[in-house]
Structure formats: C-alpha cells, structure tokens
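Visitor: My questions will all concern the structure given below.
Bear in mind these aren't lab numbers, they're just calculated from the coordinates by the rules spelled out. Model, not experiment: these values are computed from the prediction. Here the Cβ positions follow ideal geometry from the backbone for every residue, glycine too, while neighbour counts run over all protein chains shown.
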Amino acid sequence: MAIELDQEFPGLRAEWRRCICSDNRCDAGVGERLDTLASRFNGRQAIELRQQQIPAAYRSFYRQIGIDPDLEPTHVEQAALSRLLAGGNRQSDRISDALLLALLETSVPVFAFEAAAVAPPVEIRQALAGELAGGSDLPPGTLILADRERALCQLFEQPDVAMAVTGKGAEILLVAVAVPGVSAIASDEALTIAAEAISGS
C-alpha cells in the first residue's frame with residue numbers, strides 16, 4: 001500500500017490465503033449453518049446491524065472514500081437485506097456459500113480468485129492513470145486490489161471473468177478486505193471460515 005494511503009487509512013489492508021475447492025456441489029453442512037444464521041435473524045437485527053463495531057467500521061470507511069452506505073450498502077448489510085427479502089439464506093454454489101458464511105459470521109467480506117491468475121502479495125492501492133481493472137478504465141486514485149504485476153479489481157468489487165474460479169480441484173486465493181477498525185483476528189477468522197467451507201475440512 002502506498003505510504004500516503006497507509007497514513008490516510010491506517011489499518012486498511014488485504015489479507016489472503018490459498019485453499020483447494022474440493023467439490024463444486026453445495027455443502028450440506030454449510031447449508032445448515034446458513035439456515036441457522038437465517039433463523040436467528042430478523043428485521044430488528046437488520047436495523048441494529050449497522051451499529052455493531054465491524055459493520056460500522058465498513059460504513060465509516062465507505063463514507064471516507066465517497067460512497068453513501070445508505071445507497072450502496074456494505075457487503076454484510078446487503079447480505080442481511082437479501083436474507084430478509086428471500087426469507088432465508090439460499091444456497092448457490094460451494095464457493096459463494098462459503099464466502100457468504102464467512103461474511104455473515106464475521107462481517108468481513110472475502111473474495112475468491114483463481115490462484116493461478118494472481119501473483120501475490122495482494123495489496124490495496126490507488127489505480128494509476130489508464131490502468132485497467134474489471135475490463136474498464138478507472139479514474140486515477142480509485143482504490144483497487146492489485147498483485148505485484150497488475151490491478152485485479154476495484155476495491156469491494158467482484159473479480160473479473162479472467163480471474164474467476166473454475167471449480168473442483170481449482171486452487172483458490174481468498175482475499176479478505178479489512179478496513180480501519182477491523183482486527184486481524186476478525187479478518188483471519190473470515191479467511192479460515194471460507195477456506196474450511198470450500199475445502200471441506
């Protein structure tokens with residue numbers, strides 16, 4: 001991370017971990033955990049969510065970088081809204097379910113990349129003039145995830161198709177985005193939950 005960015009947002013960081021996708025199919029155990037989390041969640045808790053320490057840290061950071069979290073909800077708030085609208089946490093695929101579980105358990109967003117397409121270390125930095133990420137030009141200064149060779153994607157956005165995970169047997173690079181106020185314990189827990197759910201361990 002650039003020194004000036006580190007000074008402006010102390011504690012902003014990307015943390016990563018490798019794992020292997022053991023199976024493309026949804027995991028029954030992960031599905032049960034998602035159902036349990038959904039059964040404990042209601043409208044009142046959705047309203048109170050933004051007042052909790054970690055969700056509040058992401059809301060504060062959104063505002064600092066010019067995003068209105070009331071118009072563009074943070075990842076955990078969007079997941080909570082989806083749960084209320086759908087009447088539960090619906091399973092999708094093994095990787096998506098693992099990322100959702102990690103998010104709901106810790107409020108820390110985790111993103112999955114095809115490990116072969118990324119050259120760690122992964123960092124958060126400002127986009128350079130004319131730099132590409134997600135298939136489009138980004139204004140200079142836009143916060144992005146990048147490896148040692150190139151921009152990967154805009155911060156908090158999903159990886160583009162070229163870096164998407166292929167499925168069973170694929171080596172995956174999980175990246176947690178932690179903002180100021182989010183402890184290393186929380187981000188490490190998010191990576192651990194996602195990795196274990198994906199690998200089936």
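Visitor: Tell me which residues come under 5 Å, amide H to amide H, from Asn24 once H is placed; ignore anything under 5 positions away on its chain.
Guide: Long-range HN contacts for Asn24: Lys168.
Visitor: Expressed in whole Å with the largest first, what are the equivalent ellipsoid semi-axes of the chain derived from the C-alpha gyration tensor as the square root of 5 times each eigenvalue? List each step's numbers first, then the result.
Guide: Working: eigenvalues 135, 97, 40 Å².
Sorted largest first and rounded, they come to 26, 22, 14 Å.
Visitor: Here's something else I'd like to know. Relative contact order for segment 3-199: what is it in percent, counting Cα pairs under 8 Å that are at least 6 residues apart? Could the numbers behind the result be given before it?
Guide: On the way: 347 pairs, mean separation 70.5, N = 197.
Over segment 3-199, the number comes to 36 percent.
Visitor: While we're on this one: When the helices in the chain are scored as -39500 (n - 2.57) per DSSP H run of 4 or longer and the sum is shared across all residues, what 222 nm value do you end up with, to the nearest 500 deg cm²/dmol?
Guide: On the way: 7 runs with 78 residues, N = 201.
So the calculated ellipticity at 222 nm is -12000 deg cm²/dmol.
Visitor: Amide H to amide H under 5 Å from Leu152: which residues, 5+ apart in sequence or cross-chain, H placed 1.01 Å off N in plane?
Guide: Leu145, Ala146, Asp147
Visitor: Using square roots of five times the C-alpha gyration tensor eigenvalues, list the equivalent-ellipsoid semi-axes of segment 6-75 in whole Å, biggest first. Working shown, then result.
Guide: Numbers: eigenvalues 161, 93, 21 Å².
Calculated on Cα positions only, the semi-axes equal 28, 22, 10 Å.
Visitor: Another one. Taking the Cα centre of segment 3-199 as origin and charging only Cβ (+1 Lys, Arg; -1 Asp, Glu), how large is the dipole, in debye to the nearest 20?
Guide: Details: 17 positive and 28 negative charges, 88 e Å.
About 420 debye.
Visitor: May I ask you to compute the full-extension gain from Glu149 to Glu8, defined as 0.36 nm times their residue separation minus their alpha-carbon distance, rounded to one decimal in nm?
Guide: Numbers: separation 141, 0.36 × 141 = 50.76 nm, distance 2.41 nm.
That pair, Glu149 and Glu8, stretches by 48.4 nm at full extension.
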